[in-house]
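Everything below concerns the one structure shown next.
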Amino acid sequence: MLAGAAAALFVPATAAALGGTSAAAAATAPLSRSLATPEGTTHRITMYVEDLGGGQFGYGLAPGQATIPGPVLEMYEGDTMEITLVNTTQSTVSIHPHGVLYTTDSDGAPMNDSFNQPGETRTYTWRTTGEKSLGRWARPGTAGYWHYHDHAMGTVHGSGGIAAGLYGGLVVRRRGDILPDRQFTMVFNGMLINNKLAPNTPMFEANHGETVEFICIGHGDMFHTFHLHAHRWANTRTGYLEGPRDSSQIIDNRDLNGGDSFGFQVIAGEDVGPGAWMYHCHVQFHSDAGMAGIFLVRNADGSMPDGAQEAIDRFHGHEGGH
Amino acid sequence: MLAGAAAALFVPATAAALGGTSAAAAATAPLSRSLATPEGTTHRITMYVEDLGGGQFGYGLAPGQATIPGPVLEMYEGDTMEITLVNTTQSTVSIHPHGVLYTTDSDGAPMNDSFNQPGETRTYTWRTTGEKSLGRWARPGTAGYWHYHDHAMGTVHGSGGIAAGLYGGLVVRRRGDILPDRQFTMVFNGMLINNKLAPNTPMFEANHGETVEFICIGHGDMFHTFHLHAHRWANTRTGYLEGPRDSSQIIDNRDLNGGDSFGFQVIAGEDVGPGAWMYHCHVQFHSDAGMAGIFLVRNADGSMPDGAQEAIDRFHGHEGGH
Amino acid sequence: MLAGAAAALFVPATAAALGGTSAAAAATAPLSRSLATPEGTTHRITMYVEDLGGGQFGYGLAPGQATIPGPVLEMYEGDTMEITLVNTTQSTVSIHPHGVLYTTDSDGAPMNDSFNQPGETRTYTWRTTGEKSLGRWARPGTAGYWHYHDHAMGTVHGSGGIAAGLYGGLVVRRRGDILPDRQFTMVFNGMLINNKLAPNTPMFEANHGETVEFICIGHGDMFHTFHLHAHRWANTRTGYLEGPRDSSQIIDNRDLNGGDSFGFQVIAGEDVGPGAWMYHCHVQFHSDAGMAGIFLVRNADGSMPDGAQEAIDRFHGHEGGH
């Protein structure tokens, strides 16, 4: 899709420019910024690591706003993100990104002495780049559905921080990429989704016909496959095909293991209609144990589709035993 | 390959049109239909869920014909399949497809009240579509090597039905796709292949030079990798490359986990000759425990190649201890 | 990249022609041959299987030179490799390749009576081919980052040999592929990397700006994901994109399970600078248990970058408990 068409598709919810601290953080929030930033923008944000109690920790863009997963961070290839990380906890923590560019100072790894001591504030800088032509080939740029996570709490690989919820989505777009109406982050972390078990897993909601973006991230010690009912995508950088000669596989189920991430966009309920559609890990005993949730596609006017409430109630009944 | 060339390659074995109930069901059957159906065909079939004894259940296209895996169901993008599912068992069952389009009524999930009670007959409708151009990009259609399975027996995710054998291949082709001479379905399900352990795993047979299609499906609670000796394919929708600029990886080993599926075509014995070629899970203790079988490439005239019977005998001896 | 440009990039370290027995074998050796061989070359090598003591076995290109992993074997599509395998051990062994062409005689599998008895010498022949055009599509050739391994020690699937170290990289290039300055082989085998645990895992070294090639291979009974800090690649045959319309995903983390292999090239420290960069399995308890190592990017002149020695020392301290 051309940039013009992308702009036409995109209806900013609050139009807060990326780079401010007002961007909404929750996993199911409507996309809250236009991304209409000039080329080479430097986004300066402050992130707070907070103890949420009960062994859970989160990242947030303002004090008291930490969530699991943390806020989706977004930029375009060519942009820079400077993250002032405020550690409000009693533990060592850090922020380690996948996919983007950083010097050893911003690695987020204790091996490179790159982490926050308890109470410490420290700045991490992530840069991005477009692809570099080599004639026939090109070295890839940094566009992708990436993620960030702690690399210092519990172990030098951040195993304690990740288990506790210190993770979030990181999207680097290429100019011209299609922007979604809604954006969901889904983290398979051990036997949990966003550190929850069914029936408390997130219910992602959209209206019939909206363009929704799923950001899928794997963490922890288990192997998983992510399956979404009644929707499918291409196994590419964006989930779209690049025209009729693109040979990529079309999928509705994909491995999602430690450190992996992928993303895709679908039109909610396209060709299948609104309703309560299940997403789940397709490893059978994982879904049976509660790695399942609902993608609720409402009617186009936002009303509840026939049968959806009954399905939600059944989901709570079926999964109530966990 | 152009459609004309594809037609020239394809030699229908029985020329039964898809949509009848006479299509052969066994995993190793020669392809039994021409797929020479008009655009937008609605295929109406009746499927029977049957108790095969010993804790095994199967899907079949006629009473008493249930197999593990069930019959391969095929259509072209744009077609519709209406499945009248007859539940001859004492359990709740359903049929849930991957990749294709369905309303919540045909989801096959108890959450959407979409399943057969014991003894009940119920119709499920699957639709398909081609890709939708967005200018530069396209939203993918439904072409693919997919699969179907129970989603209601044992648990609300069908874990009991899947373990018992309620699964099969579903192929949605794009017009112009190459049609094979032979078609094999291989389901890695827990520690079994098509619910069998070596040496009782299927021996897939073809003649040297035939185009054979493998449909590979993963199920259950284990992780697996599928490896085929002496043959390779592209990691694409079809297993073919789209010309010399297709950057896709060429593989002979691929992850095959719960809910995953892929397919590919090879020329049996191309450049390597006939013989007994092994396929197996490449997780070592899985192959040692019996997740292995034989792809027997006979001579072009159908006779047994030198050494093949000895290899088959050795396979039965090696694997006889399970 | 065009072949001319590739030649300009490539600086042979010792310019020993492939096909001799002098090629360096160690996992971290600089690339020791020009690959400037004529089309259709037959490479005749002798490989020795040796007992390295302590339950470890290796392949080597000369007596007393066996290593874990074995030497990288390389050829171009269209070449042949004849391997005279000398079994100096008391066990049955073989060599089984992925990706390339062989008759049942060279399968390396006991099922096809293709293995070396203790003390026996036996020749295995591997052939390769380019892709075959089918008009719109093509059947893939044999280019790829493949691997070879034992298929006869311990079990008929070679589980004993693989566990003991009998594996190595096999690269089949297409004419025009970019040649690297350095080449590293990384085998995730059970809970070990190249049969070592941190801090004894290999430290791969390159100078800032060099083109380095990673050959990643999975073996054994565990599931893994390979992650490299501060570098990324395309999920393609080569790790490069084929121009701006290539839709392939860009990744820095990838599943690496039994029998899988992939490879890619990066410019050491490109856009991120020199330093000690970590690579590790991203399954958290695997990295914590020692599946981690260092990719040391030295300054362009080969000197140690600021902070790198301290990072290496910390790595040895952190990981010292294993």
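Quick notes on this one:
- Given (1) surrounded by 24 or more Cβ atoms within 10 Å (Cβ to Cβ); (2) in contact (Cβ under 8 Å) with a residue 60 or more places away in the chain, index of the condition C:Ile312 fails: (1)
- Hits in the range C:51-82 - residues which are touching a Gly at 6+ places or on another chain (Cβ under 7 Å), surrounded by fewer than 21 Cβ atoms within 10 Å (Cβ to Cβ) and either in a strand (DSSP E or B) or not assigned by TED's automatic domain parsing to the domain that holds C:Thr125 (or both): C:Leu52, C:Gln56
- Answer residue from the range B:260-294, given it is hydrophobic (A, V, I, L, M, F, W, C), under 23 Å from the mean Cα position of the chain (by Cα) and over 20 Å from C:Asp260 (Cβ atoms) and is surrounded by the fewest Cβ atoms within 10 Å (Cβ to Cβ) among those: B:Ile267
- Among the candidates A:Val72, A:Val93, A:Val100, residue that is modelled with pLDDT of 95 or more and more than 30 Å from B:Pro140 (Cβ to Cβ): A:Val93
- Counting the residues of the range B:95-111 that are on the phi < 0 side of the Ramachandran plot, in contact with a His (Cβ under 7 Å, 6 or more places away or on another chain) and either part of a loop (DSSP other than H, G, I, E, B) or outside the structural domain of B:Tyr148 (by TED's automatic domain parsing) (or both) gives 3.
- The range A:102-114 residues that are without any contact (Cβ under 8 Å) to a residue 24 or more places away in the chain and within 9 Å of another protein chain (Cβ to nearest Cβ), paired with ones that are of a type in the set (Val, Ile, Thr) and in a helix (DSSP H, G or I) (beta carbon under 6 Å, 6 or more apart): A:Asn112/A:Thr104
- Filter pass, B:Gly119 being of a type in the set (Gly, Ala, Ser), touching a residue at least 40 places away in the same chain (Cβ under 8 Å) and outside the structural domain of B:Glu213 (by TED's automatic domain parsing): no
- Remark: pairs (first residue in the range C:174-197, in contact (Cβ under 8 Å) with a residue 60 or more places away in the chain; second residue among the small types (Gly, Ala, Ser) and assigned to a strand (DSSP E or B); Cβ separation under 7 Å; 6+ apart in sequence or on different chains) = C:Arg182/C:Ala206; C:Thr185/C:Gly168; C:Thr185/C:Gly169; C:Phe188/C:Gly218; C:Ile193/C:Gly293.
- Unique residue being surrounded by 24 or more Cβ atoms within 10 Å (Cβ to Cβ), within 30 Å of B:Glu319 (Cβ to Cβ) and out of contact with any helix residue (DSSP H, G or I) (no Cβ under 7 Å at 6 or more places or on another chain) when the list is B:Phe204, B:Phe188: B:Phe188
- Number of residues in the range B:265-303 that are in contact with a strand residue (DSSP E or B) (Cβ under 7 Å, 6 or more places away or on another chain), free of Cβ contacts under 8 Å to residues at least 12 places away in the same chain and aromatic (Phe, Trp, Tyr) equals 0.
- Considered as a group, the residues in the range B:129-171 that are among the hydroxyl-bearing types (Ser, Thr, Tyr) and crowded, with 24+ Cβ neighbours inside 10 Å include one that is nearest to the other protein chains (Cβ to nearest Cβ), and that residue is B:Thr142.
The values are calculated or read from the model by the stated rules, or taken from the named source; none is laboratory data. Because the structure is a prediction, the values reported are computed rather than measured. Counting neighbours? That spans all protein chains shown, and the Cβs are built from the backbone with ideal geometry, glycine included.
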